[in-house]
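Read the figures in this text as sums done on the coordinates, not as results from a lab. Predicted model, so just to flag it, every value in this text is computed and none were measured. With ideal geometry, Cβ positions are generated from the backbone for all residues, glycine too; neighbour counts draw on all protein chains shown.
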Amino acid sequence: MASQYYYGTGRRKTATARVRLYPGDGAFVVNGKPASEYFSREIDLANAREPLLATGNEGKFMVSVLVNGGGVTGQSEAIRHGVARALVEMNPELRSTLRISGLLTRDPRAKERKKPGLKRARKAPQYTKR
């Protein structure tokens with residue numbers, strides 16, 4: 001691996017992705033496996049590659065990702081966020097393109113906590129009049 005790389009951290013729900021972009025052949029490696037092997041669903045793979053497609057950089061970088069926490073979809077969206085941030089570090093002129101596509105915004109949605117006296121976050125016990 002080349003020593004020069006661009007770094008970006010992406011997060012979504014409880015998933016955290018540490019992304020490194022190396023100038024290279026377009027290989028996409030997630031936790032030591034090829035991305036196509038790591039993600040069984042095609043939509044998750046497409047999510048992770050979206051920033052590269054939006055900026056026209058697909059095939060120009062070797063992407064190495066360490067991701068943990070969350071589920072498969074959360075991880076793919078964390079990778080998407082991290083790749084977008086690494087691309088901005090590589091070339092700040094790409095910021096506006098990625099911002100318009102909504103790839104730099106950290107998605108704040110997460111599981112709401114359960115409240116006391118309720119069954120779930122918002123579901124209340126059934127009301128009985130008598």
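From helices alone, the chain scores -10000 deg cm²/dmol at 222 nm; the rule is -39500 (n - 2.57) for each run of n ≥ 4 DSSP H residues, then divide by the residue total. Annotation: extensible slack from Asp107 through Asn91 equals 3.5 nm (criterion: 0.36 nm per residue apart, minus Cα-Cα distance). Under 25 Å Cα-Cα from Lys123, which lysines qualify once same-chain neighbours fewer than 8 residues away are excluded? Once the sequence-local lysines are set aside, what remains near Lys123 is Lys13, Lys111, Lys114, Lys115.
Take Tyr127, Tyr5 and order them by how many other Cβ atoms sit within 10 Å, fewest up front.
Ranking Tyr127, Tyr5 by Cβ neighbours within 10 Å, fewest first, gives Tyr127, Tyr5.
Where does helix 72-90 land angle-wise versus the long Cα axis of the chain, in degrees 0 to 90, nearest 10? For 72-90 against the chain, the angle is about 40 degrees. Backbone phi angles across segment 115-123, fed through the Karplus curve with coefficients 6.51, -1.76 and 1.60 (θ = phi - 60°), yield HN-Hα couplings of 9, x, x, 10, 7, 10, 4, 10, 6 Hz in residue order; Gly and Pro are listed as x. Remark: the Arg130-Ala27 segment gains 30.5 nm on full extension, using 0.36 nm per residue and subtracting the alpha carbon distance.
As a length-normalised measure over Cα pairs under 8 Å and 6 or more apart, the relative contact order of segment 6-100 settles at 45 percent. Across segment 35-52, rounded Karplus estimates of 3J(HN,Hα) from the backbone phi angles (6.51 cos²θ - 1.76 cosθ + 1.60, θ = phi - 60°) give 4, 5, 7, 5, 9, 7, 8, 5, 5, 5, 5, 5, 4, 5, 8, 3, x, 5 Hz, Gly and Pro being marked x.
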